[in-house]
Amino acid sequence: MTNSVIVFDASSGRCIWANEAALTTYGYSRVELNGRLAKSLCAPGHASSVMDRSAADGRGTTTTVHRRKDGSDFDADETVFDVTWDGVPASILLTSDATERVRAEQELRYSANAASRVHRLVAFGHWSTDLATGVITWSDEMWAAARVPKPPNTSSPGTGYEIVKRHMHPEDRERVIADLNDTVKTGRLNRIEYRSIRGDGTMHWQEVIVAREDDNAGKPVRLVGTCIDITERKEASERLALSARSDALTGLANRMLLNERLTAACSAAKRHTSELAILFIDLDGFKEINDTLGHPVGDLLLQSVATRLRLLTRAEDAVARTGGDEFVILLEDPVAVDAAATAQRIVDGFREPLQVGDRTLRMSLSIGVACFPADGSDVETLLRNADTAMYHAKRSGRGSYRLFEKSMHDSTVHQFNLETDLREALRNDELRVHYEPLVTIEGRIIGTEAVARWPRWGALLTASAFIPMAEMSGLVVPLDTFVLREACRQNARWLRDGRYLTVAVNVSAQSLANPDFTRGVRAAFEDAGLDPRLLELVVTEIALQGDLADAARKISAVRALGVRVTLGNFGTGFNALAVLRSCEFDTVKLDRTLVHGLLTNDADKVITSAILFAVHGLNARVVAAGVESEAQRAALAALQCDAAQGSYFGAAMSASAFTGVMGAEMPSPSLDKVA
């Protein structure tokens with residue numbers, strides 16, 4: 001039978017959680033049991049050790065009488081231990097029905113014959129001790145259970161006692177002897193639990209029920225008792241205690257157990273003047289995968305992440321899942337294992353894809369590192385600072401780690417204010433869209449890239465100032481939608497004025513993972529009255545690092561609508577060729593780092609030439625980003641690059657300014673030829 005588990009608030013003594021076994025045992029619904037006082041579960045005249053810990057035997061264990069909702073009473077074994085539950089002090093009460101055992105004990109007390117029958121029915125052995133001679137006599141069942149040979153003469157004084165003492169766990173020996181002496185002195189029936197080492201070296205738990213027998217004159221003459229193997233019961237209780245401290249999905253430690261480990265580790269570090277480190281881990285793009293593929297796939301992914309984290313850490317490192325897609329690793333004695341090196345090893349370890357069911361998913365991590373005592377002398381401060389460092393790792397490009405620095409706190413406050421203001425700006429339509437020229441390699445304008453700008457603090461903030469924060473806060477999806485719809489409306493105006501050009505719009509990983517992505521793209525160009533062949537979507541390798549198969553389906557769907565798709569920032573990722581092989585693109589945009597290295601780095605020139613050859617072989621065109629000089633343009637032309645953009649051809653500008661740059665008309669004989 002499953003033990004009942006009830007959690008009580010330490011200050012009020014009221015129930016705050018219970019398992020299904022408790023609801024069944026006591027007959028209450030969850031609503032009825034929540035908020036009840038611990039004493040309301042006890043029969044009148046009896047107390048729970050949750051309220052009166054002095055009723056316990058010193059180990060948090062006692063026997064009392066509980067009352068069910070229907071008024072019926074039953075004997076209950078209680079085990080109580082103190083925990084922190086959701087951040088508040090609490091007590092966990094484990095109870096099991098002890099009715100049969102208590103009845104057996106009563107029979108033992110009042111009838112030696114009845115006790116003998118009980119021994120045969122419910123115990124694996126019985127024993128007695130002659131108080132005058134000290135001889136301990138075991139039944140055959142006890143010798144067999146102890147897995148030691150029975151001595152030829154067990155009536156010699158001390159023979160049985162020496163065997164008992166030798167096989168009793170050293171940590172329990174003093175306590176058991178004290179309880180036996182208590183029965184000798186007081187005549188009180190005692191129930192003693194202790195660990196015994198069998199003859200083959202294995203350990204098991206025993207429960208000894210001991211009573212004193214007196215002669216007719218009332219003089220104590222012997223102790224008698226039963227011995228029951230309670231190993232399974234103890235292991236079940238330990239499993240229940242562990243389940244309250246472990247994450248049900250991954251099997252890792254949960255927040256409760258982590259806080260206990262952290263508190264103990266900090267105390268030990270203070271005593272020994274040593275160090276420890278906390279790694280605060282957050283999965284990059286988990287929400288998009290969860291929303292797109294569903295929670296069952298998300299759960300499998302979290303299990304795979306937990307398994308890999310275990311493989312990438314030492315056996316003694318504490319790994320916990322603290323909620324959602326957040327994990328925390330405790331490293332004690334970082335002198336032996338450098339925290340930064342461990343963080344880098346974990347980041348590198350996730351560059352290989354994860355097998356999640358029948359899917360192969362790529363998942364990167366952002367990690368923040370805080371060290372004791374430099375970054376905090378208590379658990380709360382260490383966790384907060386590690387979280388702050390993780391936030392900065394995400395801002396720096398994801399798939400990386402950052403060590404906490406005191407300056408990060410001010411930066412975090414700044415980012416919070418920035419997020420609040422951006423949310424307000426989106427609500428009040430304060431953002432603007434500017435347009436950067438896209439030209440043939442000779443310099444003729446053939447299109448434009450739409451980019452967001454934010455009038456703030458008397459200046460015009462570029463996307464790099466707020467896009468990272470928007471990605472972390474979830475604001476990037478409405479921001480993407482705003483730019484897409486405004487770019488479509490503006491290009492429709494140019495089209496009506498006889499200017500034919502494509503407008504490119506950047507798509508974030510979150511937007512691409514949105515189940516309504518294709519529908520949103522169609523609505524944008526249809527509402528604006530724009531021919532879809534004049535719209536181009538730019539996705540980067542980072543946006544494709546999650547479920548590549550899902551991304552490929554969506555890219556195919558929007559291309560079927562007539563919309564063009566560009567693979568941006570090409571040449572810097574780890575899975576560039578895999579992306580080209582899995583998805584079909586109209587254009588590939590060279591990353592600006594390759595363009596900048598063309599004139600100074602022979603390797604960049606060779607790589608760029610190879611990319612152009614491969615992309616042209618796939619019947620796609622190549623656009624170079626970040627062109628800043630005539631020399632760069634000429635080098636790209638020599639490599640037969642198709643188009644370019646960058647400050648050399650013109651920075652992003654307002655729609656009206658861009659209209660002036662284009663000239664009066666940009667006629668196109670056929671939309672099919674618009675690049």
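The values are calculated or read from the model by the stated rules, or taken from the named source; none is laboratory data. All figures in this text were calculated on a predicted structure; none of them were measured in a lab. Positions of Cβ are backbone-derived with ideal geometry, glycine not excepted, and every protein chain shown enters the neighbour counts. Each accessible area value is taken on the protein alone, full model and side chains, heavy atoms only, with ligands, DNA and RNA left out. Shrake-Rupley method; radii C 1.70, N 1.55, O 1.52, S 1.80 Å.
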**Message:** Suppose we filter the stretch 397-408 for residues that are in contact (Cβ under 8 Å) with a residue 12 or more places away in the chain and open to solvent by 50 Å² or more (accessible area, probe 1.4 Å); how many remain?
**Reply:** 4
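Determine, yes or no, whether ASP550 is of a type in the set (D, E, K, R), within 30 Å of GLU352 (Cβ to Cβ), in contact (Cβ under 8 Å) with a residue 40 or more places away in the chain and open to solvent by less than 50 Å² (accessible area, probe 1.4 Å). Explain how you work it out, then say what you get.
Values: of a type in the set (D, E, K, R): yes; within 30 Å of GLU352 (Cβ to Cβ): yes; in contact (Cβ under 8 Å) with a residue 40 or more places away in the chain: yes; open to solvent by less than 50 Å² (accessible area, probe 1.4 Å): yes.
It is true that ASP550 is of a type in the set (D, E, K, R), within 30 Å of GLU352 (Cβ to Cβ), in contact (Cβ under 8 Å) with a residue 40 or more places away in the chain and open to solvent by less than 50 Å² (accessible area, probe 1.4 Å).
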**Fill in**
(1) open to solvent by less than 60 Å² (accessible area, probe 1.4 Å); (2) touching a strand residue (DSSP E or B) at 6+ places or on another chain (Cβ under 6 Å) all hold for ARG261 apart from (1)
**Prompt:** Of the numbered conditions (1) of a type in the set (A, V, I, L, M, F, W, C); (2) open to solvent by 30 Å² or more (accessible area, probe 1.4 Å); (3) in a helix (DSSP H, G or I); (4) touching a strand residue (DSSP E or B) at 6+ places or on another chain (Cβ under 9 Å), VAL305 satisfies every one except a single condition; which is it?
**Reply:** (2)
**Prompt:** If we scan the stretch 585-604, do we find a residue that is in contact with a strand residue (DSSP E or B) (Cβ under 7 Å, 6 or more places away or on another chain) and open to solvent by 30 Å² or more (accessible area, probe 1.4 Å)?
**Reply:** yes
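Go through the residues of the stretch 272-287 one by one and say whether even a single one is touching a residue at least 12 places away in the same chain (Cβ under 8 Å), among the aliphatic types (A, V, I, L, M) and in a helix (DSSP H, G or I). Please lay out each step first, then the result.
Of the stretch 272-287, the ones touching a residue at least 12 places away in the same chain (Cβ under 8 Å) are 274-287.
Those still in the list that are among the aliphatic types (A, V, I, L, M) too: 276-279, 281, 283.
Filter again for in a helix (DSSP H, G or I), leaving none.
Checked the stretch 272-287: no residue is touching a residue at least 12 places away in the same chain (Cβ under 8 Å), among the aliphatic types (A, V, I, L, M) and in a helix (DSSP H, G or I).
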**Request:** Give the stretch 213-235 a look and list any residue that's in contact with a strand residue (DSSP E or B) (Cβ under 6 Å, 6 or more places away or on another chain) and in a helix (DSSP H, G or I), or say none.
**Result:** THR231, LYS234
**Request:** Collect the residues in the stretch 4-19 that are at pLDDT below 90 and farther than 15 Å from SER48 by Cβ, keeping them in residue-number order.
**Result:** SER11
**Request:** Only residues in the stretch 524-541 that are within 14 Å of THR502 (Cα to Cα) count as the first member; pair them with residues that are acidic (Asp, Glu) and crowded, with 20+ Cβ neighbours inside 10 Å, Cβ under 8 angstrom, at least 6 apart or cross-chain, and list the lot.
**Result:** VAL538/GLU449
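Considering only residues that are of a type in the set (D, E, K, R) and under 13 Å from the mean Cα position of the chain (by Cα), look in the stretch 308-324 and name the one that is nearest to SER246 (Cα to Cα).
First, the residues of the stretch 308-324 that are of a type in the set (D, E, K, R): 308, 310, 314, 316-317, 321.
Going one step further and asking which of them are under 13 Å from the mean Cα position of the chain (by Cα), we end up with 308, 310, 321.
Numbers: ARG308: 18, ARG310: 15, ARG321: 9 Å.
For the stretch 308-324, the residue satisfying everything is ARG321.
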**Asked** Looking at the stretch 347-365, is at least one residue of a type in the set (Gly, Ala, Ser) and either part of a strand (DSSP E or B) or open to solvent by less than 10 Å² (accessible area, probe 1.4 Å) (or both)?
**Response** no
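Looking only at the stretch 421-433, filter to residues that are more than 35 Å from the chain's Cα centre (by Cα) and surrounded by fewer than 21 Cβ atoms within 10 Å (Cβ to Cβ); which one of those is nearest to LEU479 (Cα to Cα)?
LEU431
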**Prompt:** Between residues in the stretch 422-440 that are touching a residue at least 12 places away in the same chain (Cβ under 8 Å) and residues that are part of a loop (DSSP other than H, G, I, E, B) and among the hydroxyl-bearing types (Ser, Thr, Tyr), which pairs lie under 8 Å by C-beta distance while being six or more apart or on different chains?
**Reply:** ARG432/SER654; HIS434/SER654; TYR435/SER654
**Request:** Considering (1) crowded, with 16+ Cβ neighbours inside 10 Å; (2) under 30 Å from SER582 (Cα atoms), say which one ALA343 fails and leave the rest.
**Result:** (2)
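For the stretch 242-258, which residues satisfy the criterion of being buried (at least 17 other Cβ atoms within 10 Å of the Cβ) and either in contact with a Gly (Cβ under 8 Å, 6 or more places away or on another chain) or assigned to a helix (DSSP H, G or I) (or both)?
Here is the first cut: in the stretch 242-258, the residues buried (at least 17 other Cβ atoms within 10 Å of the Cβ) are 244-247, 250, 252-258.
ARG255, MET256, LEU257, LEU258, listed by residue number.
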**Message:** Suppose the filter is part of a loop (DSSP other than H, G, I, E, B) and either crowded, with 21+ Cβ neighbours inside 10 Å or in contact with a helix residue (DSSP H, G or I) (Cβ under 8 Å, 6 or more places away or on another chain) (or both); does GLU442 pass it?
**Reply:** yes
**Message:** Please go through the stretch 627-649 and give me each residue that is assigned to a loop (DSSP other than H, G, I, E, B), touching a residue at least 60 places away in the same chain (Cβ under 8 Å) and either among the hydrophobic types (A, V, I, L, M, F, W, C) or surrounded by fewer than 18 Cβ atoms within 10 Å (Cβ to Cβ) (or both), ordered by number.
**Reply:** CYS641, PHE649
**Prompt:** Taking THR566 and the conditions (1) within 18 Å of GLY285 (Cβ to Cβ); (2) touching a strand residue (DSSP E or B) at 6+ places or on another chain (Cβ under 7 Å); (3) outside any helix (DSSP H, G or I); (4) not charged (D, E, K, R), which numbered condition does it fall short on, given that it satisfies the others?
**Reply:** (1)
**Request:** Could you grab the pairs with beta carbons closer than 6 Å, sequence gap of 6+ or different chains, first residue in the stretch 122-144 and surrounded by 16 or more Cβ atoms within 10 Å (Cβ to Cβ), second one modelled with pLDDT of 75 or more and outside any strand (DSSP E or B)?
**Result:** GLY125/SER139; HIS126/SER139
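Every residue, every condition in (1) farther than 17 Å from LYS589 by Cβ; (2) modelled with pLDDT of 90 or more; (3) not hydroxyl-bearing (Ser, Thr, Tyr), yes or no:
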residue: VAL615; (1), (2), (3): no, yes, yes
residue: ALA620; (1), (2), (3): no, yes, yes
residue: VAL627; (1), (2), (3): no, yes, yes
residue: ALA638; (1), (2), (3): yes, yes, yes
residue: GLY646; (1), (2), (3): no, yes, yes
residue: VAL661; (1), (2), (3): yes, no, yes
residue: GLU665; (1), (2), (3): yes, no, yes
